Amino acid sequence: MTGTPLTGTPDVPVNRLRPRRSCLAVPGSNPRFLEKAQGLPADQVFLDLEDACAPIAKEGARHKIVDALNNGDWTGKTRVVRVNDWTTHWTYRDVITVVEGAGPNLDCIMLPKVQDAQQIAALDLLLTQIEKTMGFEVGRIGIEAQIENAKGLVNVDAIAAASPRMETIVFGPADFMASINMKSLVVGEQPPGYGADAYHYILMRILMAARAHDLQAIDGPYLQIRNADGYREVAGRAAALGFDGKWVLHPDQVALANEIFSPSQEDYDHAELILDAYAYCTSEEGGAKGSAMLGDEMIDEASRKMALVIAGKGRAAGMSRTSKFEIPEA
């Protein structure tokens, strides 16, 4: 007779689709930045124990993060901690210290440099053991998987399906560029001498894996923090494909990300009108039709599905309608 497996299946349903237009990176070793981040309008804040922390500072940073999560005001923000990857000796202690110390005030753990599904399964198992030991709600804490090399991208479908805790797949451009020997030193920019978009396949591969498993897709950082035009261009590319958000490394990038990954007012209003018009035309009052006209535009079930995406993004961003559906005259 076998024992009950330690899986991260939630005790109660968990909303895995949180707003993540702007995902602010905050060094876990810097108390001033940890405090400042609480007042910035980022959808998500991730407190970093990996690249933003020097090796000598990692142990102290764990405790600074626990204190910030427990005593800070993170209202309206998704609270994430990026731990070190499984190839290091820091990972297990990162997870144990942070989750035992601040589990009820933590939404997700971000695991960098994920290369296969087993690494996600191992994190799920460790989280479940901690939750059961501490008496926390089992499965509530989500996982974000960061894809940063060729092996991770090749295995991204299995990674996306590796745990019910999975919430996002994140593109890590700097390490990825290095892993494939891309000829560029500007993170996220196109390599010189290449006439097309060098990142299109990578981004679409991540996006397809995410959507196939009802996850969100997040683009990684743009390191030229003073180059607003460059950030807008790179973020706009990811948003156009359908990504849900992008990392921000500086407060000046937060407003840009929130704008770029939200629909325009015109598109939001139009999406809401499509939903209203379709609901009316398929109702008994509207004649129970399968399609109808909204001005000069024919709308049907496919139109409704597309409008739901835009309307959902607008609602999540707190947008308000500026137009109202009027029942057409008979």
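The values are calculated or read from the model by the stated rules, or taken from the named source; none is laboratory data. The structure displayed is predicted, hence computed values, not measured ones. Neighbour counts are summed over all protein chains in view; Cβ atoms, including those assigned to glycine, are modelled from backbone coordinates with ideal geometry. Just so you know, the surface numbers come from the protein's heavy atoms only, side chains and all, with ligands and any DNA or RNA stripped out. Shrake-Rupley method; radii C 1.70, N 1.55, O 1.52, S 1.80 Å.
Values computed for the structure shown
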read-out: Which numbered condition V309 misses (of (1) in contact with a helix residue (DSSP H, G or I) (Cβ under 9 Å, 6 or more places away or on another chain); (2) open to solvent by less than 60 Å² (accessible area, probe 1.4 Å)); value: (2)
read-out: Selection from segment 129-171 of residues that are touching a strand residue (DSSP E or B) at 6+ places or on another chain (Cβ under 7 Å) and of a type in the set (A, V, I, L, M, F, W, C); value: I141, I143, A145, I147, L153, V156, I159, A160, M166, I169, V170, F171
read-out: Subset of segment 10-33 (residues that are more than 20 Å from the chain's Cα centre (by Cα) and either modelled with pLDDT of 80 or more or of a type in the set (V, I, T) (or both)); value: V12, S29, N30, P31, R32, F33
read-out: Residue identified as part of a helix (DSSP H, G or I), farther than 25 Å from H200 by Cα, out of contact with any Leu (no Cβ under 8 Å at 6 or more places or on another chain) and open to solvent by less than 80 Å² (accessible area, probe 1.4 Å) among G286, G314; value: G314
read-out: Filter result (of a type outside the set (V, I, T) and either in a loop (DSSP other than H, G, I, E, B) or touching a Cys at 6+ places or on another chain (Cβ under 7 Å) (or both)) within segment 108-131; value: P112, K113, Q115, D116
read-out: Only one of E266, E259 that is free of Cβ contacts under 8 Å to residues at least 24 places away in the same chain, within 17 Å of the chain's Cα centre (by Cα) and within 30 Å of V170 (Cα to Cα); value: E259
read-out: Positions within segment 138-191 being under 20 Å from A239 (Cβ atoms) and polar (S, T, N, Q), in sequence order; value: Q146, T168, Q190
read-out: Search result, residues across segment 246-264 that are open to solvent by 60 Å² or more (accessible area, probe 1.4 Å), part of a helix (DSSP H, G or I) and either at pLDDT below 85 or over 18 Å from K313 (Cβ atoms) (or both); value: D252
read-out: Some residue of segment 90-100 being more than 19 Å from the chain's Cα centre (by Cα), within 30 Å of A158 (Cα to Cα) and not in a helix (DSSP H, G or I); value: yes
read-out: For Y201: the one exception among (1) open to solvent by 10 Å² or more (accessible area, probe 1.4 Å); (2) touching a Pro at 6+ places or on another chain (Cβ under 7 Å); value: (2)
read-out: Residue count, segment 121-140 (criterion: without any contact (Cβ under 8 Å) to a residue 60 or more places away in the chain, of a type in the set (V, I, T) and surrounded by 15 or more Cβ atoms within 10 Å (Cβ to Cβ)); value: 1
read-out: Residues located in segment 207-226, provided they are open to solvent by less than 50 Å² (accessible area, probe 1.4 Å) and within 24 Å of H250 (Cβ to Cβ); value: Q216, A217, I218, D219, G220, P221, Y222
read-out: Residue match in segment 146-167 (condition: under 23 Å from E59 (Cβ atoms) and modelled with pLDDT of 95 or more); value: yes
read-out: Checklist (1) assigned to a helix (DSSP H, G or I); (2) open to solvent by 50 Å² or more (accessible area, probe 1.4 Å) applied to G103, failing item; value: (2)
read-out: Selection within segment 175-198 - assigned to a helix (DSSP H, G or I) and open to solvent by less than 50 Å² (accessible area, probe 1.4 Å); value: F176, M177
read-out: Residue list for segment 25-70, restricted to those being in a helix (DSSP H, G or I), open to solvent by 50 Å² or more (accessible area, probe 1.4 Å) and touching a helix residue (DSSP H, G or I) at 6+ places or on another chain (Cβ under 9 Å); value: P31, E35, K36, E59, H63, K64, D67, N70
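Here is a yes/no grid of residues against (1) touching a His at 6+ places or on another chain (Cβ under 8 Å); (2) at pLDDT below 95:
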position	(1), (2)
E35	no, no
D51	no, yes
L69	no, no
W74	no, no
R79	no, no
G101	yes, no
